[in-house]
Amino acid sequence: MSLAGKVALVSGAAGGIGKETVRALTDAGAIVAAAVETDQQAAGFNNARPLDVRSEDDWKATVAWVVQEFGRLDILVNNAGVLREASPEETTVDMWDLIHSVNLKGVFLGCKAAIPELRKQGDGAIVNVASIDGIRGNYNHAAYSASKGGVVALTRSLALDLAPDGIRVNAVCPGTVDTPMVAAMMSNASSHEAAMEVSRQKHPIGRIAQPGEIADVIAFLAGPASRFMTGMAVPVDGGRSIR
Ligand code: NAD
């Protein structure tokens, strides 16, 4: 279904899933504002602006920019995220704080800044990019899983708060996706090919996802085809969560 006339804002837009989300929403007819990490201004988008999702001031300025440029805001996709792998004992406080400030506080601040504008439309949508790690556990992902579990809980609570305003809040929970985040994780493994094979085997479909396969579900959750869905954390994981 069409997103013509809608204005969307995507955080972390220069990343693997982010770029494809800009593509999917644009293909559906939306005007898409791309928020990119501060040092990635040259990401090649038509409508882009730097945003550090950890900063409330940055979020306020970004939402104000969207409204000034495009007149409204209908859809927020909280996609920015970071991953650090470590055993529980090797997870430093700095690592924990970084992961939580980007992955969880960043999502909260994005929602907080966008809600007043979304409320004006009467049919706003927020899509948060969580992870299957936020539903299931994962080895060496304690901080990351906790942050994504927080995103799932935040999604559900906000969905209750915002339903009376016609704002739907949902999350996608991807399995492993072929993006720079995963490439960095694999490059730390002693054997890249062995690590990739383990990843493939975790997904009953027999492969990891391409970023467009996550972005298409994000566009679905942002649009009218999902109009009776709110507060859901939707696995997009090639069957990984049913094993
Ligand atoms: P990616 O590394 O390609 O993209 C992440 C983006 O987030 C980058 O563009 C980065 O610049 C941005 N970012 C990081 N810190 C930021 C900050 N402080 N402010 C603003 N932007 C910041 O990785 P991706 O796989 O495309 O990740 C997108 C989302 O998907 C993340 O939330 C990630 O946790 C989630 N996810 C990814 C996978 C996977 O297997 N790749 C699986 C589940 C969930």
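Looking at segment 64-120, which of its residues are outside any loop (DSSP other than H, G, I, E, B), of a type in the set (Gly, Ala, Ser) and surrounded by 18 or more Cβ atoms within 10 Å (Cβ to Cβ)? Break it down into steps so the answer makes sense when it comes.
Restricting attention to segment 64-120, the residues satisfying the condition of being outside any loop (DSSP other than H, G, I, E, B) are 64-70, 75-78, 86, 93-120.
Checking which are of a type in the set (Gly, Ala, Ser) leaves us with 64, 86, 101, 106, 110, 113-114.
Residues satisfying the conditions are GLY106, GLY110, ALA113, ALA114.
Select from segment 134-173 the residues that are within 23 Å of GLU85 (Cα to Cα), free of Cβ contacts under 8 Å to residues at least 40 places away in the same chain and part of a helix (DSSP H, G or I) and list them in ascending order.
SER145, GLY149, ALA153
So, in segment 52-63, exactly how many residues are surrounded by fewer than 17 Cβ atoms within 10 Å (Cβ to Cβ), within 15 Å of VAL102 (Cα to Cα) and not charged (D, E, K, R)?
1
Can you name the number of the only condition in (1) more than 10 Å from the ligand (Cβ to nearest atom); (2) of a type outside the set (Asp, Glu); (3) in contact with a Ser or Thr (Cβ under 6 Å, 6 or more places away or on another chain) that VAL53 fails?
(1)
Restricting segment 6-26 to residues that are in contact with an Asp or Glu (Cβ under 8 Å, 6 or more places away or on another chain) and more than 11 Å from the ligand (Cβ to nearest atom), which is farthest from THR38 (Cα to Cα)?
LYS6
Going by what's in this entry, would PRO204 be described as outside any helix (DSSP H, G or I), away from the ligand (no atom under 14 Å from the Cβ), under 19 Å from GLY137 (Cα atoms) and not hydrophobic (A, V, I, L, M, F, W, C)? Give the derivation first.
Numbers: outside any helix (DSSP H, G or I): yes; away from the ligand (no atom under 14 Å from the Cβ): yes; under 19 Å from GLY137 (Cα atoms): yes; not hydrophobic (A, V, I, L, M, F, W, C): yes.
In short, yes.
For segment 102-123, check the following and say yes or no: at least one residue is among the aromatic types (Phe, Trp, Tyr), modelled with pLDDT of 95 or more and touching an Asp or Glu at 6+ places or on another chain (Cβ under 9 Å). Can you show your working first?
So in segment 102-123, the residues among the aromatic types (Phe, Trp, Tyr) come out as 108.
From what is left, the residues that are modelled with pLDDT of 95 or more are 108.
Adding the requirement that they be touching an Asp or Glu at 6+ places or on another chain (Cβ under 9 Å) leaves none.
No; the residues of segment 102-123 include none that is among the aromatic types (Phe, Trp, Tyr), modelled with pLDDT of 95 or more and touching an Asp or Glu at 6+ places or on another chain (Cβ under 9 Å).
Considering segment 195-207 alone, what residues qualify as being closer than 21 Å to ARG84 by Cβ and among the hydrophobic types (A, V, I, L, M, F, W, C)? First the steps, then the outcome.
Quick first cut of segment 195-207, residues closer than 21 Å to ARG84 by Cβ only: 195-196, 198-199, 202.
Scanning segment 195-207 gives ALA195, MET196, VAL198.
Could you count how many residues in segment 82-114 are touching a helix residue (DSSP H, G or I) at 6+ places or on another chain (Cβ under 7 Å) and either away from the ligand (no atom under 13 Å from the Cβ) or more than 15 Å from ALA142 (Cα to Cα) (or both)?
At the first step, the residues of segment 82-114 found to be touching a helix residue (DSSP H, G or I) at 6+ places or on another chain (Cβ under 7 Å) are 82-86, 88, 91, 95-96, 99-100, 103-104, 107-111, 113-114.
The next check asks that each one be either away from the ligand (no atom under 13 Å from the Cβ) or more than 15 Å from ALA142 (Cα to Cα) (or both); those that pass are 86, 88, 91, 95-96, 107-111, 113-114.
Result for segment 82-114: 12.
Looking only at segment 30-51, how many residues end up being at pLDDT 95 or above, in a loop (DSSP other than H, G, I, E, B) and open to solvent by 40 Å² or more (accessible area, probe 1.4 Å)?
Within segment 30-51, residues that are at pLDDT 95 or above, in a loop (DSSP other than H, G, I, E, B) and open to solvent by 40 Å² or more (accessible area, probe 1.4 Å) number 0.
I'd like the full set of residues that are in a loop (DSSP other than H, G, I, E, B) and of a type outside the set (Ser, Thr, Tyr), limited to segment 1-29. I'd like the intermediate steps shown before the answer.
Our first condition is that a residue be in a loop (DSSP other than H, G, I, E, B); within segment 1-29, this holds for 1-6, 11-15, 28-29.
The answer is MET1, LEU3, ALA4, GLY5, LYS6, GLY12, ALA13, ALA14, GLY15, ALA28, GLY29.
I need the full set of residues from segment 190-243 which are over 15 Å from VAL172 (Cα atoms), open to solvent by less than 40 Å² (accessible area, probe 1.4 Å) and of a type in the set (A, V, I, L, M), in order please. Steps first, answer last, please.
Taking segment 190-243 first, the residues over 15 Å from VAL172 (Cα atoms) are 190-208, 224-225, 227-228, 242-243.
This time we only want the ones that are open to solvent by less than 40 Å² (accessible area, probe 1.4 Å), so: 195-196, 199, 203, 208.
Once the filter is applied, which keeps residues that are over 15 Å from VAL172 (Cα atoms), open to solvent by less than 40 Å² (accessible area, probe 1.4 Å) and of a type in the set (A, V, I, L, M), segment 190-243 yields ALA195, MET196, ILE208.
Confirm whether GLY223 is touching a Pro at 6+ places or on another chain (Cβ under 8 Å), more than 27 Å from TRP96 (Cα to Cα) and modelled with pLDDT of 95 or more. Spell out how you get there, then give the answer.
On the way: touching a Pro at 6+ places or on another chain (Cβ under 8 Å): no; more than 27 Å from TRP96 (Cα to Cα): yes; modelled with pLDDT of 95 or more: yes.
For GLY223, the condition - touching a Pro at 6+ places or on another chain (Cβ under 8 Å), more than 27 Å from TRP96 (Cα to Cα) and modelled with pLDDT of 95 or more - is not met.
Could you list, in sequence order, the residues of segment 130-185 that are away from the ligand (no atom under 15 Å from the Cβ), open to solvent by 10 Å² or more (accessible area, probe 1.4 Å) and of a type in the set (A, V, I, L, M)?
Going through segment 130-185, the residues away from the ligand (no atom under 15 Å from the Cβ) turn out to be 153, 156-169.
Restricting the remaining residues to those that are open to solvent by 10 Å² or more (accessible area, probe 1.4 Å) gives 153, 156-158, 160-161, 163-166, 168.
Scanning segment 130-185 gives ALA153, LEU158, LEU160, ALA163.
The values are calculated or read from the model by the stated rules, or taken from the named source; none is laboratory data. Since the structure is predicted, the reported quantities are computational estimates derived from the model, not experimental observations. Don't worry about glycine lacking a Cβ; one is built from the backbone with ideal geometry, like all the others, and counts go over all protein chains shown. Ligands, DNA and RNA are stripped out before the accessible areas are found, and what is left, the full protein with its side chains, is counted by its heavy atoms. Shrake-Rupley method; radii C 1.70, N 1.55, O 1.52, S 1.80 Å.
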